[in-house]
1. Mind checking which residues of region 141-161 are in a loop (DSSP other than H, G, I, E, B), in contact with a Gly (Cβ under 9 Å, 6 or more places away or on another chain) and closer than 19 Å to GLY88 by Cα?
2. Name, by its number, the condition in (1) over 28 Å from GLY228 (Cα atoms); (2) under 16 Å from the mean Cα position of the chain (by Cα) that does not hold for LYS146.
3. Which residue is farthest from VAL334 (Cα to Cα), if the candidates are limited to region 251-295 and must be within 17 Å of the chain's Cα centre (by Cα) and of a type in the set (Ser, Thr, Tyr)?
4. Does MET211 satisfy being at pLDDT 95 or above and in a loop (DSSP other than H, G, I, E, B)?
5. Within region 2-38, can you find the residues that are of a type outside the set (A, V, I, L, M) and within 22 Å of ILE225 (Cα to Cα)?
6. In region 100-120, is there at least one residue being within 22 Å of the chain's Cα centre (by Cα), in contact (Cβ under 8 Å) with a residue 40 or more places away in the chain and more than 28 Å from LEU265 (Cα to Cα)?
7. Identify, please: which residue in region 291-302 is in contact (Cβ under 8 Å) with a residue 40 or more places away in the chain and away from ligand 1 (no atom under 11 Å from the Cβ) and is, among those, surrounded by the fewest Cβ atoms within 10 Å (Cβ to Cβ)?
8. Show the residue pairs meeting these rules: Cβ distance below 7 Å; 6+ apart or different chains; first residue within region 38-58 and touching a residue at least 24 places away in the same chain (Cβ under 8 Å); second residue part of a loop (DSSP other than H, G, I, E, B) and surrounded by fewer than 14 Cβ atoms within 10 Å (Cβ to Cβ).
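The values are calculated or read from the model by the stated rules, or taken from the named source; none is laboratory data. Note that the structure is a prediction, hence the values are computed from the model and not measured. Glycine also receives a Cβ, built like all others from the backbone with ideal geometry; neighbour counts cover every protein chain displayed.
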Amino acid sequence: MVVVMQEGAKEEQIQHVIDRLVSMGFDIHRSTGASQTVLGAVGVPADFDPRDVEVLDGVREVVRITQPYKLASRAFRSQGTVVELPRGVRIGGNEIVVAAGPCSVETPEQIGMIADRVAKAGAKILRGGAFKPRSSPYSFQGHGEKGLKMMREAAEKSGLLVCSEVMDASQIQMMLPYIDIFQVGARNMQNYFLLRALGTVSKPVLLKRGMSATIEELLLSAEYIMAGGNHNVILCERGIRTFETATRNTLEIAAIPEIKKLSHLPIVVDPSHGTGIRDKVPPMARASVAAGADGLLLEVHNDPEHALSDGAQSLFFEQFEKLMAELRIIAPAVSRTIA
Ligand code: PEP
Ligand code: MN
């Protein structure tokens, strides 16, 4: 539920409303703008009557949101959220932000070479897995902390930020000094214990859509993180499982405008996992930008044929550079910019 206070409502009135809501059992998240205060009230009691709040002094409107998520909803914050990162990188603003890198961090040479090339082509964030959620326990599982160190070093040299996957709450503290964005993988989108733990950290979370998750379930997972106090959540469409087998997943481009309508959170697209096939990645990346994505997550490798994971969907450097040049033509057509 969202309580919109009247413009110029007095501090005592606002505090009284907050006290009443807390006594009813709500958890309150206050958002104060230049002239207006909005209260997000989480955890609607079963017997709640909105009129009890509507009649309080200074209240303009009580909006019962039908969606089960509140903090992630557009009604809670009509303006889009911009996630602010170091080096002046902003996700959700006018500029489309590209994160690029290998599926897995393999060696210092590999990650260094990739960081250098993608940075020169306009990427702002280095992606790469140090903990790999592989479908088979016998596949390469990632280098763990050693991999994160390699990534951080490469990113520092090339002026990039680091985005890497966290698979378990026990890894969070160790990862904090190495990463700028915690990635939650598709397989962990509904790991509620992990999401709650990420709600208490100060760094942004890139939350990938589960492979069989609805948009509502994705937004409910974002809600778990936000309810803990971390409002810096970036959503990621990475394709879902459908009856179609021609591509690894079915990338839902329509999820971009739908999520924009339902939520104020930025949405980025991962066409690498979304299609699973290298030559399908550039067209889907172009379509995502045209459809309003705030950023892209792309797998790029110096030697995709020998990559330890996801080589088939990793772009060659030249393909990535060509794609960036194409995006520089598409972005202005939809009133956006790109580096
Ligand atoms: C990845 O980004 O390397 C990854 C494992 O993605 P997903 O969780 O979307 O499968
Ligand atoms: Mn991958």
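1. If the condition is that a residue be in a loop (DSSP other than H, G, I, E, B), in contact with a Gly (Cβ under 9 Å, 6 or more places away or on another chain) and closer than 19 Å to GLY88 by Cα, then LEU160 is the only one that fits.
2. (2)
3. SER272
4. yes
5. Within region 2-38, GLY25, PHE26, ASP27, HIS29, ARG30, SER31, THR32 meet the criteria.
6. Yes, there is a match, as at least one residue in region 100-120 is within 22 Å of the chain's Cα centre (by Cα), in contact (Cβ under 8 Å) with a residue 40 or more places away in the chain and more than 28 Å from LEU265 (Cα to Cα).
7. Among residues in region 291-302 that are in contact (Cβ under 8 Å) with a residue 40 or more places away in the chain and away from ligand 1 (no atom under 11 Å from the Cβ), the one surrounded by the fewest Cβ atoms within 10 Å (Cβ to Cβ) is GLY292.
8. Qualifying pairs under 7 Å: PRO50/ARG64; GLY58/LYS10.
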